[in-house]
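Remarks on the structure that follows.
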Amino acid sequence: MSILVAETKKQIEDLLIAAANKAMQKGDLPECELSPFKVEVPADRKNGDYAVNAAMVWARGFKSAPRAIAEKLMANADFEGTYIEKFEIAGPGFINLFLSDKYYAGIVADVLAKGADYGKSNYGAGKRVLVEFVSANPTGPMHIGNARGGALGDCLAAVMEAAGFYTEREFYINDAGNQINKFGLSLSLRYQQLFADGIEMPEDSYHGDDIVAHAKAFAEINGDKFMALDEETRRKALVEFALPKNIEGLQTDLRKYRIEYDTWFKESTLHNNGEAARIIELLKQSGHTYTQEDALWFKATDFGCDKDFVLVRANGVPTYVVPDIAYHYNKLETRKFDKAIDILGADHHGYVPRLKAALTALGVDANRLDVVLMQMVRLVRDGEVIKASKRSGKAITLVTLLDEVPIDAARFFFNLREPNSHFDFDLDLAVSESNSNPVYYVQYAYARICSVLRNLAEGGTEKRDCTEDELSLLSAPEERELIIHLSEMTNEIIQSAKSYDPARLTHYVNELATKFHKFYAACRVKGDDEALTQARLNLCYATGIAIKNVLDMLKINAPEKM
C-alpha cells in the first residue's frame with residue numbers, strides 16, 4: 001500500500017485504541033485487554049472507505065453488545081488531525097469510516113510526487129532473490145511453453161524488484177546429460193545421411209529442421225572427413241559446433257522478447273568444478289543414502305516423499321537429479337541468495353518434493369526454494385486449437401509466435417492468468433485493435449491521457465501543479481473511484497510479489513483503464529472552473545503515471561499516440 005494508505009490505516013487503528021482507553025478511563029467501558037482487530041475496505045465503498053470490526057472483537061472482553069460498544073467508542077473518538085471525515089455504525093456493530101477530501105487529494109499528490117517510482121516499496125527489505133525461468137534445453141528452438149515462462153519469469157522478477165527485493169534473472173543451460181547425448185546422436189545421423197544411404201533416424205531422436213541445418217553447415221566446413229572417424233569423436237565435434245550456435249540463438253530470441261538475463265549458468269560447470277560430485281559425497285555423509293543393486297539411492301522417504309530415488313546408477317553415472325541438486329545448493333549456499341524461485345512446467349510437480357528433500361538432507365532450509373508451476377498454453381485461431389507436434393519439428397516456436405503477434409500483446413497475454421491456470425492464447429484477439437484486446441485497451445487509455453494533455457496545451461491550457469484545496473475538488477463518484485484504484489497500486493505490487501503472480505498487475509492496470517474511461521466519460525476535463533480543470537488534468541496525469549509504471553514493469557510500450 002502507499003505511504004498515505006498505510007498512514008491512514010494506522011490512524012484508524014490508533015484512533016480506535018485511544019477511544020477504547022478513554023472510554024475505560026471514564027468508566028464508560030470496563031477494563032479489558034484490547035485484542036487485534038481488522039481495518040478493511042468494504043465490498044461497496046458506499047458503505048464507507050474502511051470498515052472496522054473492533055466492537056465485535058472486543059464484545060467478550062467488555063461483556064457488552066458490539067453495537068453498544070461501537071457507540072461508546074465513537075463517543076470517545078477524536079478525529080482531529082486524521083483523514084477521517086465521519087463515521088457510521090452499521091448492523092450489529094461494524095464501524096464504517098468515511099475519509100475526507102484531503103485524503104483523496106493526498107493520493108493524487110503522492111502519485112504526482114513519486115512519478116516513475118510510484119508503486120515501489122521497500123517491502124522486500126533488499127533480500128536477495130534469484131528468479132530462474134525458461135531454461136529451455138539448448139537442443140532446439142524455444143516452444144510456446146517457453147514463451148509463457150519467459151513473460152511470467154521476467155515480469156515476476158520486475159515485480160519483486162518493485163516490491164523492494166534485490167533480484168537477479170538466470171537461465172540454466174542444460175549442456176550435459178541425456179538431452180545432449182541425444183542431440184549429438186541426431187546431429188551425427190543427419191551428417192551421415194549427407195554422405196551415405198540407408199541411415200534411419202530413431203523415433204526418439206530430434207527430427208527438427210534445425211538439426212538438418214546444423215549438419216549441413218558442419219559438412220560445408222569439414223566435408224566428409226568425420227565419416228571415417230569414430231562415433232564419439234564425430235558426435236563431440238558436431239555438438240561443439242552446433243551447441244554454441246543454439247545458445248546464441250536462445251539469447252537472441254529472448255532479447256527480442258525483451259528479456260535480459262544477469263547470468264547464463266551452464267550445467268557443465270557443476271561437473272567440471274566438482275560440485276556435482278561433492279553433492280554426492282555430502283548426501284552420503286548425511287546418512288540418508290543406501291546402496292541397492294550397485295546403485296546409490298537417496299532415502300527421500302525420510303523426508304515425506306512417496307518413494308526413494310537413484311543418485312548414481314550401477315554403471316557409476318549420476319542421474320539428472322544430481323546436478324539439479326548441486327545447482328540449487330549453489331544458488332542458496334554458495335551464492336547466498338535468500339530465496340530461489342524456479343518457473344517450471346506443471347509436469348515437474350513430482351520433482352519438487354524430491355529436490356526439497358535433498359536440500360533438507362544437505363542442511364539447507366528447503367523453504368528458501370519456491371517453485372511456480374506453470375500450466376500449458378493452447379494457441380487458438382478462429383476458435384480452433386492449433387495442434388502441432390514437437391517431435392516432428394513442426395512445433396510453434398517463440399520466434400514463430402512473435403512473427404505473428406506483437407511483443408506487447410505476447411507479454412501481456414501470457415500474464416493474463418495466474419501461472420497454474422490453463423490458458424488459451426487467442427491469436428486473433430492478440431492482433432486486434434479493439435477494446436476487446438486487453439493490451440490495446442490499456443495502451444489506448446494511456447494514449448487518450450496523452451492526447452487530452454496535448455490538446456489542451458495546444459489550446460492554451462497547460463497543466464500546472466495544484467494545491468491541496470484544488471485537488472480536493474475531485475469529489476465526483478467517478479473521480480473518487482479512480483483515485484481509490486490509484487491508491488491500491490503499491491499494495492497490488494506487494495501482493496503480486498507475495499503470491500508470485502504478475503497477473504494481478506495486468507488485472508489491476510486493465511481495471512485502472514476502465515475507471516479512467518468511466519471518469520473521462522462522466523467528467524469533462526476542461527470546464528469553466530479553472531481550478532477544477534487543473535485538478536482533473538492532474539488526475540489524468542497521475543493516472544498516466546500509474547499506467548505507464550505498470551506497463552514499464554511488464555516491458556510493454558506505453559504509446560502516446562494510437
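The values are calculated or read from the model by the stated rules, or taken from the named source; none is laboratory data. What you see is a predicted model, and the numbers here were worked out from it, not measured in a lab. Ideal geometry is used to build each Cβ from the backbone, glycine not excepted, and the neighbour counts take in all protein chains shown. The accessibility values were calculated without ligands, DNA or RNA, using every heavy atom of the protein model including side chains. Shrake-Rupley method; radii C 1.70, N 1.55, O 1.52, S 1.80 Å.
So how many residues does segment 456-510 have that are of a type in the set (A, V, I, L, M) and not in a helix (DSSP H, G or I)?
Residues in segment 456-510 being of a type in the set (A, V, I, L, M) and not in a helix (DSSP H, G or I): 3 in total.
Here Y520 passes the criteria (1) within 27 Å of the chain's Cα centre (by Cα); (2) surrounded by fewer than 22 Cβ atoms within 10 Å (Cβ to Cβ); (3) aromatic (F, W, Y) except the one numbered (1). Taking the listed residues S475, S451, the one that is farther than 22 Å from K114 by Cα, of a type outside the set (F, W, Y), in contact with a Phe, Trp or Tyr (Cβ under 8 Å, 6 or more places away or on another chain) and surrounded by fewer than 17 Cβ atoms within 10 Å (Cβ to Cβ) is S475, with no other qualifying. The residue that is most open to solvent (accessible area, probe 1.4 Å), counting only those in segment 176-223 that are touching a residue at least 40 places away in the same chain (Cβ under 8 Å) and among the hydrophobic types (A, V, I, L, M, F, W, C), is L185.
Could we say that F303 is of a type in the set (A, V, I, L, M, F, W, C), open to solvent by 50 Å² or more (accessible area, probe 1.4 Å) and in contact (Cβ under 8 Å) with a residue 40 or more places away in the chain here? Against the criterion (of a type in the set (A, V, I, L, M, F, W, C), open to solvent by 50 Å² or more (accessible area, probe 1.4 Å) and in contact (Cβ under 8 Å) with a residue 40 or more places away in the chain), F303 qualifies.
Mind telling me which of the residues E458, E478, E418 ends up being in contact with a Cys (Cβ under 9 Å, 6 or more places away or on another chain) and over 20 Å from V385 (Cα atoms)? Spell out the reasoning first.
Values: E458 fails: in contact with a Cys (Cβ under 9 Å, 6 or more places away or on another chain); E418 fails: in contact with a Cys (Cβ under 9 Å, 6 or more places away or on another chain).
Among E458, E478, E418, only E478 is in contact with a Cys (Cβ under 9 Å, 6 or more places away or on another chain) and over 20 Å from V385 (Cα atoms).
I'm trying to understand the selection: among the residues of segment 318-329, which are outside any strand (DSSP E or B) and open to solvent by 10 Å² or more (accessible area, probe 1.4 Å)?
T319, Y320, D324, Y329
Listed by position, the strands (runs of 3 or more DSSP E) inside segment 59-150 whose residues that are at pLDDT below 95 and open to solvent by 60 Å² or more (accessible area, probe 1.4 Å) number at least 1 are 84-90, 94-99. Residues in segment 523-546 that are open to solvent by less than 20 Å² (accessible area, probe 1.4 Å) and of a type in the set (V, I, T) were compared, and the one that is nearest to L453 (Cα to Cα) is V525.
Residues in segment 236-275 that are over 24 Å from the mean Cα position of the chain (by Cα) and among the hydrophobic types (A, V, I, L, M, F, W, C) were compared, and the one that is surrounded by the most Cβ atoms within 10 Å (Cβ to Cβ) is L238. The single condition among (1) farther than 18 Å from A277 by Cα; (2) in contact with a helix residue (DSSP H, G or I) (Cβ under 9 Å, 6 or more places away or on another chain); (3) among the aliphatic types (A, V, I, L, M) that V385 does not meet is (2). Sub-7 Å Cβ pairs linking a first residue in segment 487-502 that is within 15 Å of N420 (Cβ to Cβ) and modelled with pLDDT of 95 or more to a second residue that is surrounded by 24 or more Cβ atoms within 10 Å (Cβ to Cβ) and among the small types (G, A, S), at least 6 apart or interchain, are P502/S496, ordered by first then second residue.
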